[in-house]
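Supplied in structure tokens, the structure appears directly below.
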């Protein structure tokens, strides 16, 4: 078992968060791409449940989120239930979460960099 010298306890969590956010963004963009496809059903991931599982699971195990059909959406006569408003809102939210996680990772690395530089001055 090998560990990176720059890993902090938070880095594996952020990595999983980014993987899940990327997966969700892929699902949301697929939904938007299929907004006019007859019979297409909106798919999403239970983001918070998946994050709860990811934070409990051993971080060396691959994350395997489950995409599911979204229930309770208005179905058009052609059988499609994609909502432009819902998908756009969730896409913006996911992008904001992704950017926040990236900034938190940058903060971790700035702290490591600061510790290295402070140690070099001693």
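The values are calculated or read from the model by the stated rules, or taken from the named source; none is laboratory data. On a predicted model such as this, the values are computed, not experimentally measured, just so you know. Note that we place each Cβ from the backbone using ideal geometry, even for glycine, and neighbour counts take in every protein chain shown.
Residue 72 - would you say it is loosely packed, with under 11 Cβ neighbours inside 10 Å, at positive phi and either free of Cβ contacts under 8 Å to residues at least 24 places away in the same chain or touching a strand residue (DSSP E or B) at 6+ places or on another chain (Cβ under 6 Å) (or both)?
Taking the combined requirement at face value, the residue satisfies it.
Every residue, every condition in (1) crowded, with 16+ Cβ neighbours inside 10 Å; (2) closer than 15 Å to residue 91 by Cα; (3) free of Cβ contacts under 8 Å to residues at least 60 places away in the same chain; (4) in contact with a strand residue (DSSP E or B) (Cβ under 6 Å, 6 or more places away or on another chain), yes or no:
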position	(1), (2), (3), (4)
20	yes, yes, yes, no
39	no, no, yes, no
44	yes, yes, yes, no
47	yes, yes, yes, no
50	yes, no, yes, no
53	yes, no, yes, no
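Consider only pairs whose beta carbons are under 8 Å apart and that are at least six residues apart or on different chains; among these, list those whose first residue lies in the stretch 83-101 and is within 15 Å of residue 72 (Cα to Cα) and whose second residue is surrounded by fewer than 12 Cβ atoms within 10 Å (Cβ to Cβ).
As it stands, the answer is 83/74, since those pairs meet every condition given.
Any chance the stretch 47-65 includes a residue that's under 15 Å from the mean Cα position of the chain (by Cα) and at pLDDT 90 or above?
Checked the stretch 47-65: no residue is under 15 Å from the mean Cα position of the chain (by Cα) and at pLDDT 90 or above.
If you scan the stretch 76-92, which residues turn out to be within 27 Å of the chain's Cα centre (by Cα) and in a loop (DSSP other than H, G, I, E, B)?
Within the stretch 76-92, 80, 81, 82, 83 qualify.
Next up: Tally up the residues in the stretch 1-43 that are part of a loop (DSSP other than H, G, I, E, B), at pLDDT 85 or above and closer than 14 Å to residue 104 by Cβ, please.
0
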